[in-house]
Amino acid sequence: MAPEVPGPSGRTSSDGPSARVDYAARIPNNVGLADNRRLRRALEEWQPGFLGWWQEMGPRGFQTRDVYLRTAVSVDSQGWAHFDYVKMPEYRWGIFLAEPEPDRRIGFGAHLGQRAWQEVPGEYRGVLRRLIVTQGDTEPASVEQQCQLGRTCPSMYDLRNLFQVNVEEGRHLWAMVYLLHAYFGRDGREEAEAMLQRRAGDADRPRILGAFNERTPDWLSFFMFTFFTDRDGKYQLASLAESGFDPLSRTCRFMLTEEAHHMFVGETGVGRIVQRTAELMKAHDTADVRPHGGIDLATLQRYLNFHYSVSLDLFGSETSTNAANFYTMGLKGRFDEGKKTDDHLLRDAPYPVVGLDGDRIVTRDESALTALNERLRDDYIADCQRGVDRWNRILRQAGVDAPLFLPHRGFHRAIGGFADVRVSPDGRVIGQAEWDARRREWLPTAEDQVFIESLMQPVTARGKFAGWIAPPPRGINGQPIDFEYVRQV
Ligand code: BYC
């Protein structure tokens, strides 16, 4: 058996105990930066650029405030998080990888059963770098998209949650930049630099993926984004956590523990809006809750339709040779690859894919290998549906019988087989005339945006909440709801 090749820190995956975090270092880490002078210096050179980017593009207007944030201080399953007041620019962004699995093996593709790589396999270098750059690019993008939201927060509790999400996206950027610096030499350093140059929505220097160039102008969009788009993050990170390139796997495994909070923010945020809407519908015996300061279900459905459809695009085309190659190379697996009991090669297996046959929507068997994007999208859709079911339970419990739903997967798509046709939310291929006539029913309108914007008045008194959203059932980290989550001055 080939000996395990040490990584750039000179360690192998079975070295331990790496749960120990060097928290006092300029860059907190559990990757042995203290022993790797070159890497440490390269990252220390990148650090001021990151901080400059954070000051320029991070949350506007709150950089000097004390915020009650959790920080990663170790990576073991218990007690990795520490809660305290921090000024965001002083947040201890660092590099944390999940603990190594001893003798980890590649779980799929052509290298199935071989030892996981501690260094980048030369022949996969370009592909791997592109995957890491695509993933990394989304992290600062989301911070940029959300940078104006602090000024219109519905409560201090929500403001703190927004900032928690933002600093953790910043840390996720650090996670990918570490991989680029540690394993990809000069071009890795250039990519890390470029990550700080692109800007969400910028015509000349846009972020890489479509959804990350949309604006997040209001809190309804923010909650929908964290529910739908961060959930894409969960599925993509889970697939990369299966990677045969062990440092990527370990970094994604730790990122997933942070990601859970982001989806909590999205699901409970929308859930609390739904609850408030239902209360207003009952109190005033009307679906039109706008005059009462609530967000009507039809508007919620339109925002849901938008964020769901742009997030579906993030999975790429239904059939993709890129995806097949990532898998065969052992770089990106399936969701829960390790729990699946098939051959982990997928050479002859079929997978049902929904697509077009002229104007009809049909399901066809495709090669499971090329259909990997669609399979991941299916896992994602099932997860989204579970969340929508929970929102509908809130409505039902309040006595409202008007459920929210996920539109058809072909609705409003810009990537893949449905990109060139118009599909209604109920899954009919329709003509441009019907689309034009009904678009206003299905997607947020300019009037919706004006209305939502009119609701976005900041609420900053302790324990108070905007009228369009219900308070949460409990506070953060056992604190009361009226805790001072963000100090006033
Ligand atoms: N926008 O073969 P195809 C997160 C390109 S979110 C623009 O179907 P492939 C987060 C594609 O690059 C998770 N372009 O695509 C959430 C390809 O270009 P080339 C982010 C797109 O390669 C919230 C061409 O179209 N992580 O973490 O199979 C807050 C053909 O496409 C798009 C990842 O995405 C698009 N939507 O799959 C913060 C994981 N889709 O090769 C963070 C890493 C496709 O012709 N990325 N294209 O030049 C990947 O795994 C893959 O790149 C994708 C695309 C799944 C995105």
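Couple of notes before you dig in:
- The H on the amide N of Ile430, modeled in the peptide plane, is under 5 Å from the matching H of Arg422, Val423, Ser424, each at least 5 residues off or on a different chain.
- Relative contact order for the chain, counting Cα pairs under 8 Å that sit 6 or more residues apart, in percent: 18
- For the chain, size of Cβ-based charge dipole, Lys and Arg +1, Asp and Glu -1, in debye: 800
- Only the Cβ atoms of Lys and Arg (+1) and of Asp and Glu (-1) were treated as charged; on that basis the dipole of region 260-382 about its Cα centre amounts to roughly 380 debye.
- Solvent exposure, largest accessible area first (probe 1.4 Å, DNA, RNA and ligands not counted), of Glu99, Glu123: Glu123, Glu99
- Accessible surface of Ser320, taken over heavy atoms with a 1.4 Å probe and every protein chain present, rounds to 20 Å².
- Given a 1.4 Å probe and the protein chains as shown, Ile469 ends up with an accessible area of around 0 Å².
- Relative contact order of region 206-314, taken over Cα pairs closer than 8 Å and 6 or more residues apart, is 35 percent.
- Extension reserve of the Val489-Asp420 stretch, reckoned as 0.36 nm per residue once the Cα distance is removed: 19.7 nm
- Extending 7 Å from Cα along the Cβ direction at Arg364 and again at Glu119 yields two label points whose distance is 4.4 nm.
- Over 25 Å between alpha carbons, listed pairs Lys234/Lys340; Lys234/Lys464; Lys87/Lys234: Lys234/Lys464; Lys87/Lys234
- Within the shell defined by Cβ-Cβ distances under 14 Å, the residues around His344 carry a net charge of +1, with Lys and Arg each +1 and Asp and Glu each -1.
- The residues packed around Phe225, meaning those with a beta-carbon under 11 Å from its beta-carbon, carry a net charge of -2 if Lys and Arg are +1 and Asp and Glu are -1.
- Atom-type composition of the exposed protein surface of region 387-489 places 50 percent of the accessible area on carbon and sulfur (1.4 angstrom probe).
- Largest-first ordering by accessible area, 1.4 Å probe, given options Lys282, Lys339: Lys339, Lys282
- A 1.4 Å probe run over the protein chains yields, for region 307-453, 48 Å² of accessible area per residue, whole-number rounding.
- Under the criterion of Cα pairs below 8 Å and six or more residues apart, the relative contact order for region 36-114 equals 21 percent.
- Distance between the modelled labels on Arg439 and Asp336, one decimal in nanometres: 3.9 nm (7 Å Cα→Cβ projection).
- Fraction of accessible area attributable to carbon and sulfur, region 216-339 (%, probe 1.4 Å): 53
- A 1.4 Å probe, protein heavy atoms only, puts the accessible area of Thr64 near 110 Å².
- Using a Förster distance of 56 Å, the FRET efficiency for Asp288-Asp76 (Cβ separation, nearest 0.05): 0.60
- Computed over protein heavy atoms with a 1.4 angstrom probe, the accessible surface ordering of Phe225, Phe465, largest first, is Phe465, Phe225.
- Taking 7 Å steps out from each Cα toward its Cβ at Ala382 and Ala25 produces label points 4.0 nm apart.
The values are calculated or read from the model by the stated rules, or taken from the named source; none is laboratory data. Note that the coordinates shown come from a computational prediction; the quantities given were computed from them, not determined experimentally. Cβ sites come from the backbone with ideal geometry, for glycine too, and all protein chains shown count toward neighbours. Surface areas here come from the heavy atoms of the whole protein model, side chains and all, with no ligands, DNA or RNA. Shrake-Rupley method; radii C 1.70, N 1.55, O 1.52, S 1.80 Å.
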